[in-house]
Amino acid sequence: MDETVSAEALRESEELHRITLLNMSDAVFITNDEGVFTFICPNVDVIFGHSHGEVQAMQRISRLLGCELVEPGQLSDGGEVRNIEHEVECKGGARRVLLVHVKRVAIRRGTILYVCRDVTERKQSEQALRRHDERLKLALEAASMGTWDWDVPSGEMTWSPETHRMFGDPAVRHTPSFPTFLERVHTDDRARVARTMTDAMDRGAVYETEFRLLGYDASERWIMARGKALRNGKPLRMLGVFVDLTERHQVDADLRELGGRLINAHEQERMRLSRELHDNVGQLVALLSVELELLRQQLRTSAPPVHAQFAKLFAHASELGSDLHRLSHELHPARLEHLGLEESIRCVCEEFAGARQIALHLEISDVSAGLDRDAVLCLYRIAQESLHNVVKHSGATRVDITLAAAPGEVVLRVADDGVGFDTRSVQQKGTLGLVSMRERARLVRGQLTVSSKPGDGTKIEVRLPTTGAHSIE
Ligand SMILES: Nc1ncnc2c1ncn2[C@@H]1O[C@H](COP(=O)(O)OP(=O)(O)OP(=O)(O)O)[C@@H](O)[C@H]1O
Ligand SMILES: [Mg+2]
């Protein structure tokens, strides 16, 4: 009875082994110390492509694997070598990567067990992932971008090598954390950056901010941070990229400086022309008028047509004189110094309205107190060019000009009810008026907005910070 039970148990155990071997993806072999097969698993074809019979005909495992993987002498009793990575050529020439585990045993007349696991796909995905990582790293480097990742509950923060470089720590000596990150942010920007990030954290939202960074190596850089906060009921993780904008800021600053110098040179040249017209050409024309008048008096006896001709010449000379006078004032607004901004803008408006059929509505308050000389000249020139444009392009019947003080800034608005224009297409025209208005505003840290649509009038608005008002460059 007992014998029957144990024979049955043995049969069941054998059956279980057979099913297991058949269904597992690993290939199992046993050899003797000479490497001759004593057991070949039934599913050998799954990895190697060869049938059981074909492998048996090879006789030695070295023929199947292409080499002796281990010296049997290397393996003491119960000894093993795990995870030997080995590439084999399978039936049909395909190459596969195996992880082979070799162990000294004593089963089925054999002494050495080989278990081969096919890791080709895993290897390929690892390589693809590595290539992807390398490409990403290169792209981030090329774009001067670094990454960072903050695990909020543990407080652990990781920076990419590029981020460490931006923070003036290329040798990765410092351990990042949120408080140490904030310590490196310029004191003027710190509260704002902290607010932006904690706000994103509270809402689990995307954020973007720019700030100055003081590196561990005492360098100062401009950084743009962009990223996302993740929540799971409570703050979980925050991650993002840092973009080094230092060079771009430098180019912008250089351009601003160049623009400033060009505008100054322009103003100087206008002043020279204005003086030339006023003091030289203007004087000559005035003299001409006087001499014409003298000549007319001396020719009292001449015929009436000659008199009439003289009167005409005299009128032309006077008109030329006043045109020169107006032009000279337009070129260099000496009146800005004498009359102040508000009164000068009023004069410009009156000159423009002059004989034209345009109704002018002025609302001008006293704003000069908070403005320096450059800002005053900027507003005057913008009012002047806006009105030039109204007359030249708009066909408007009404213009509203407002100059007003708002908290921390002064606002000038020139709005007409004319034909308007497409603000997007105007850039290709290569004209100077709007460009130089914008540049002038930027030079004094102001902002110019042009709102216009065909058929819907035009509004030019410029906002300049008053002296003492804080602004971030
Ligand atoms: N108030 C306005 N109404 C209608 N169109 C306007 C107005 N202001 C500007 N524009 C349009 O915008 C264009 C650009 O204006 P901008 O002042 O730069 O150049 P411009 O007046 O043509 O030449 P300039 O360089 O001598 O100023 C104009 O050519 C015109 O088409
Ligand atoms: Mg113009």
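The values are calculated or read from the model by the stated rules, or taken from the named source; none is laboratory data. In this text the structure is predicted, and so the values were computed from the model without any measurement. Heads up, the Cβs are rebuilt from the backbone with ideal geometry, glycines too, and the neighbour counts pull from every protein chain shown.
Scanning the stretch 408-436 for residues that are within 9 Å of ligand 1 (Cβ to nearest atom), more than 26 Å from the chain's Cα centre (by Cα) and within 17 Å of R381 (Cβ to Cβ) gives V414, T431, L432, G433. Just to be sure I understand the filter: pairs with C-beta atoms under 6 Å, separated by 6 or more residues or on different chains, first member in the stretch 376-393 and within 12 Å of ligand 1 (Cβ to nearest atom), second member not in a helix (DSSP H, G or I). Which pairs pass? Pairs found: I382/V462; S386/V414; S386/I460; V390/A396; V390/V399; V390/D416. Six or more apart or on different chains, Cβ under 6 Å: which pairs go from a residue in the stretch 406-426 that's assigned by TED's automatic domain parsing to the domain that holds L448 to one that's among the acidic types (D, E) and not in a strand (DSSP E or B)? Could you list them? Every condition considered, the pairs that remain are G420/D456. Within the stretch 294-312, the set of residues being exposed (fewer than 15 other Cβ atoms within 10 Å of the Cβ) and assigned to a helix (DSSP H, G or I) comprises L294, L295, Q297, Q298, P304, P305, V306, H307, A308, Q309, A311, K312.
Scanning the stretch 427-444 for residues that are of a type in the set (K, R) and either over 16 Å from K392 (Cβ atoms) or within 9 Å of ligand 2 (Cβ to nearest atom) (or both) turns up R438, R440, R442. Apart from one condition, E439 fits all of (1) buried (at least 18 other Cβ atoms within 10 Å of the Cβ); (2) of a type in the set (D, E); (3) part of a loop (DSSP other than H, G, I, E, B); the exception is (3).
Filtering L277, L230, L255, L262 for residues that are surrounded by 17 or more Cβ atoms within 10 Å (Cβ to Cβ) and either in a helix (DSSP H, G or I) or in the same structural domain as R212 (by TED's automatic domain parsing) (or both) leaves a single hit, L277. Exactly one residue among G93, G49 is modelled with pLDDT of 90 or more, touching a Cys at 6+ places or on another chain (Cβ under 6 Å) and not aromatic (F, W, Y), and that residue is G49.
Restricting the stretch 437-465 to residues that are under 15 Å from V414 (Cα atoms) and small (G, A, S), the residue that is farthest from ligand 1 (Cβ to nearest atom) is A441.
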